[in-house]
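S.K.: Sharing a structure here in structure tokens format.
Read-outs throughout are calculated quantities, based only on the coordinates presented, and are distinct from any laboratory measurement. Keep in mind the model is a prediction, meaning the values are calculated, not measured. Reconstructed Cβ throughout: ideal geometry from the backbone, glycine too, with neighbour counts over all protein chains shown.
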Amino acid sequence: MRRLRSIVLVLPFLLAAGAVEPIAAEESPGYGLITIESDLQSADKNKGVITASGNVRIVHADRGVVATSRQAQYFTKEERIVLRGDVDVVQNDGHALRADQVIYLLQEDRAVAIPGEGDQVFSQWTLKDPSAGFER
């Protein structure tokens, strides 16, 4: 079982604090509280980059998402999250994504999954009947 050191953060507030320590802060509108567990976390205020590395686990409870990877970086200026190395993303509704790298563009609410060399991206989705819930 992985040994994880836990730090609870709200990403936008981490950079403002200039240090990587647990921070109590209100949720950011639209994004919600994100919990990050990893072996190491750092923030570069000048570049606007927050990096978590080693046994990374990210939980976004409001969206029902849990992601794991070897490294995660949040680029605040571009509003982009990059997960690298054995990326697994699972949602409460059963949706799943596995890739070597996943890039999430926050402003566009869009993700791009990239496989490792010689591998493929795996995704699993539940398709819903568009007529369900409507009377005919």
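S.K.: At q = 0.15 Å⁻¹, what log₁₀ I(q)/I(0) does region 66-124 have when each alpha carbon counts as one equal point scatterer in the Debye sum?
M.R.: Here log10 of I(q) over I(0) equals -0.41.
S.K.: Work out the FRET efficiency for Asp44 and Leu106 from their Cβ-Cβ distance, taking R0 = 25 Å, and round it to the nearest 0.05.
M.R.: After rounding, the FRET efficiency stands at 0.85.
S.K.: May I pose another question? Roughly what would the spin-label model give for Lys77 and His95, points 7 Å off Cα along C-beta, in nm?
M.R.: According to this spin-label approximation, the distance is 3.0 nm.
S.K.: Could you name the lysines whose alpha carbon sits less than 26 Å from that of Lys77, not counting residues in the same chain fewer than 8 places away?
M.R.: By straight Cα distance, Lys77 reaches Lys45, Lys47.
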